[in-house]
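Okay, structure first, notes after.
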Amino acid sequence: MSDKNQWNPYLAGGLTGIVMILSIWIAGQFFGASTSFVRTAGIIENLFSPERVQQLEYYVRVAPRLEWQWFFVVGILLGSLAASKLGGNFRWQAVPDMWQHRFGNTPVKRGITAFAGGAVLMFGARMADG
Amino acid sequence: MKLILMGLVTGILFGFLLQKATVLRYDRQLGALRLRDMTIVKFMLSAVCVAMVGVYLLHDLGMAALSVKETVLGANIVGAILFGLGWGLLGYCPGTSLGALGEGRYDALWGIIGMIFGAAVFARAYPFLTETVYTWGNYGKLTLPSALGINHWPVIIAFIVISLLLFWWFEKIKL
C-alpha cells in the first residue's frame, strides 16, 4: 500500500492546514465540497426543467451556479492528476485493491455500491450541513 | 473571475497534497473506517491543528470571520449516520471522490454521479426535513469555547495536546 513517493501524513496534513489558513485569509473561503454537488444537481436539472428548479426551496437557497467552491472541487481533481502523473502512481482502476480481496474483480457490483453509497452519503452530508 | 481562479489554485494545491499523502485511496478510507489504518486521521488532525491556530489568530486580529454552522442535534445525528453508512459503501467522501478520479480510480465516478443524484433527492426532501429533523434540538451557532464559557486558546491548546498524544499512541501501536 505505501509507495516510495508517499509523503508523511503529518507533513502533508500540516501543509494542508497552511493552505486552509491562506484561503481564509486571502479569499475568505473555507474548504468544503458537498455544496457543489447540490449546485451541479441544480445546473443539470435546469437544463431539463428550469420551472421545477425555481419551485424547489433548496435550489433557491443553494443556487445552481458556479462559484469559488465548485472550482475548488475541480482543482482537487487536477491537483491529484498532476501529483499522480508526476509521482508515477496514477493508475486507471475500476475496482480498488481491498474490494478485490474481499469481493473479487466485480466492477458492476462495485459501481452499483459506489452509486448507492454516494447517494446516501450526500443526503446525509446535506442534512448535517457538512 | 479572481475568486474562480483562486478556487481552482487552492483546489489544485489541496488535491496535490491529498494525493501525495495517499489519502484519496479507497483502501485508506476503508482502512480508517475499519480502524486498521490511521493515515487519514493523522492527515486530517494535523491539518485541523494547524488551521485552528491560524484561523483563530486571524480572527483575533480581525482579519477573518469564522464560519460557524448551526448545531441541530436531529439533523446532525441523523445526517451523520447516513453519511457514515454511505461513506462505508462508497469509500470516498465528496472532496476525495474527485481526487480519486484524478489519480485514475474511476470507480469514484459512479460515486460522484450517485452524490449528484443524492443532492437532487435531498432538494425534494428538504421541505419535509425542515418540519422534522431540523426542529429537533437546535442549539444555534455553538462552539466549544462558547459552550464552556471560556476563551478559545485553552480549548485550542487542549485539542492540540490530545491530538499529539493520539499521534504518539498511533505510532506506538503502529496503526
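The values are calculated or read from the model by the stated rules, or taken from the named source; none is laboratory data. What you see is a predicted model, and the numbers here were worked out from it, not measured in a lab. Because the Cβ atoms are built from the backbone with ideal geometry, glycine has one as well, and the counts that use them run over all protein chains shown. SASA here: full protein model, heavy atoms, side chains in, ligands and nucleic acids out. Shrake-Rupley method; radii C 1.70, N 1.55, O 1.52, S 1.80 Å.
Could you please let me know if B:Ala47 is of a type in the set (A, V, I, L, M, F, W, C), part of a helix (DSSP H, G or I), open to solvent by less than 40 Å² (accessible area, probe 1.4 Å) and more than 7 Å from every other protein chain (Cβ to nearest Cβ)? Let's see the steps before the verdict.
Details: of a type in the set (A, V, I, L, M, F, W, C): yes; part of a helix (DSSP H, G or I): yes; open to solvent by less than 40 Å² (accessible area, probe 1.4 Å): yes; more than 7 Å from every other protein chain (Cβ to nearest Cβ): no.
Criteria not met by B:Ala47.
How many residues, within the range B:129-147, are open to solvent by 40 Å² or more (accessible area, probe 1.4 Å) and within 11 Å of chain A (Cβ to nearest Cβ)?
2
Return yes or no: is B:Ala65 more than 7 Å from chain A (Cβ to nearest Cβ), closer than 29 Å to B:Cys49 by Cα, of a type in the set (Gly, Ala, Ser) and not in a helix (DSSP H, G or I)?
So B:Ala65 fits the description; yes.
Inspect all residues belonging to the range B:94-115 and state whether any of them is out of contact with any helix residue (DSSP H, G or I) (no Cβ under 8 Å at 6 or more places or on another chain) and in a helix (DSSP H, G or I).
No: the range B:94-115 contains no residue that is out of contact with any helix residue (DSSP H, G or I) (no Cβ under 8 Å at 6 or more places or on another chain) and in a helix (DSSP H, G or I).
How about the range B:76-107: which of its residues are of a type in the set (A, V, I, L, M), more than 7 Å from chain A (Cβ to nearest Cβ) and buried (at least 23 other Cβ atoms within 10 Å of the Cβ)?
Scanning the range B:76-107 gives a single hit, B:Ala100.
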